[in-house]
Amino acid sequence: MKRLLITGAGGGLGRMARQRLAHLAPVLRLSDIVPMEEPASNEEVVVCDLSDAAAVSALVKDCDGIVHLGGVSTEQSFSAILDANIVGLRNLYEAARHNGMPRIFFAASNHVVGFYRQDEKVDIDSAVRPDGLYGVSKCFGEALARFYYDKLGQETAIVRIGSCFERPTDYRMLATWLSYDDFVSLVERVFAVPELGCPTLWGVSANSRAWWSNEHVSYLGWQPKDSADRFEQSIRDTGNWPDPGHPLAILQGGNNTQDPLSDH
Ligand code: NAI
Ligand code: 15L
């Protein structure tokens with residue numbers, strides 16, 4: 001791979017990916033709608049709104065791989081979600097179609113199944129039960145990725161990320177945490193396997209409390225090494241532990257299930 005595009009490079013995961021994925025290609029192209037740090041000698045920095053089709057087409061040109069992290073990452077107005085996650089994603093896939101179909105790592109989300117209970121078994125073939133418009137937009141993204149694969153052969157790893165932060169900070173994240181190291185090793189595998197196809201998988205570390213299994217994608221050869229287990233006592237010690245009746249302790253989507261529904 002000569003040039004890897006990272007969208008959302010100004011965001012939480014994007015800033016980490018900028019530091020940790022440089023070994024994957026001689027050139028990193030970094031993009032976001034917000035200004036980013038000045039480029040190093042191996043970097044290209046491009047400010048670009050995903051909802052601008054022409055700009056996204058130019059962005060994707062000459063890239064051999066895409067880590068797509070850009071977009072609205074929380075529950076917001078439908079118009080914001082529409083521009084970034086729906087129009088923006090369609091623009092990305094059209095740009096890929098016209099620029100050599102680079103392999104895509106798509107940051108999907110556990111919030112496509114947020115209204116399942118934590119004690120329900122959910123696998124990759126379970127019906128989606130999004131917990132907000134944000135989750136709905138990720139369902140669209142999953143369907144679009146699958147459509148471009150079935151129609152055109154565009155390869156994508158649809159990664160339903162749990163909670164990818166430096167460390168788990170609450171009860172729910174003891175199940176959903178994905179460590180930065182495990183995120184990096186997953187991206188490495190996605191771009192290393194000779195044939196990827198279009199798998200949907202869970203972006204989650206080897207947490208004992210995890211609700212999801214990745215047995216169906218053993219061909220990727222990805223083995224998460226971290227576990228949230230070692231943080232359990234320190235989280236208990238903070239007192240940040242929900243009552244059994246709290247959504248954080250009942251529903252997979254946790255507090256997102258309680259977000260107000262925007263009417264614009
Ligand atoms: P973030 O909100 O920190 O980063 C997203 C970036 O996308 C931001 O820098 C934002 O400026 C950019 N963006 C928003 N609208 C845009 C537009 N119209 N055009 C171009 N760029 C735009 O989110 P984070 O945590 O870094 O997540 C990255 C991706 O991973 C997101 O797609 C999120 O939905 C997904 N994800 C993250 C999880 C996590 O635990 N961090 C869990 C599940 C999914
Ligand atoms: C997500 O999809 C969000 O982007 C992130 O901010 C967290 O809320 C994460 O899920 C989570 O469920 O912890």
Requested in this report: Taking MET16 as the residue in question, decide whether it is at negative phi, more than 14 Å from the chain's Cα centre (by Cα) and within 15 Å of ligand 1 (Cβ to nearest atom).
Outcome: no
Query raised in the report: For PHE140, which of the numbered conditions (1) more than 13 Å from ligand 2 (Cβ to nearest atom); (2) aromatic (Phe, Trp, Tyr); (3) farther than 20 Å from SER77 by Cα; (4) in contact (Cβ under 8 Å) with a residue 12 or more places away in the chain fails to hold?
Result: (3)
Query - helices (runs of 4 or more DSSP H) completely within region 175-259 that count 3 or more residues being under 18 Å from the mean Cα position of the chain (by Cα) - result: 180-192
Query raised in the report: Counting only residues that are over 29 Å from ARG3 (Cα atoms) and more than 16 Å from ligand 2 (Cβ to nearest atom), how many does region 64-76 have?
Result: 0
**Report entry** Pick from region 162-199, criterion within 11 Å of ligand 1 (Cβ to nearest atom) and either of a type in the set (Phe, Trp, Tyr) or closer than 16 Å to LEU251 by Cα (or both), ranking: surrounded by the most Cβ atoms within 10 Å (Cβ to Cβ)
**Finding:** TRP177
Query raised in the report: Hey, GLN223 hits all of (1) within 16 Å of ligand 2 (Cβ to nearest atom); (2) of a type outside the set (Val, Ile, Thr); (3) under 22 Å from VAL159 (Cβ atoms) but one; which does it fall short on?
Result: (1)
Query raised in the report: What's the number of the condition LEU178 fails, among (1) within 16 Å of ligand 2 (Cβ to nearest atom); (2) over 23 Å from PHE78 (Cα atoms); (3) in contact (Cβ under 8 Å) with a residue 60 or more places away in the chain?
Result: (3)
Report task. Could you list all residues from region 160-189 that are charged (D, E, K, R) and over 20 Å from LEU220 (Cα atoms)? Result -> GLU166, ARG167, ASP170, ARG172
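All of the numbers you see were taken from the coordinates with simple rules; none came from a lab. Please read all numbers here as calculations on a predicted model, not as lab measurements. Positions of Cβ are backbone-derived with ideal geometry, glycine not excepted, and every protein chain shown enters the neighbour counts.
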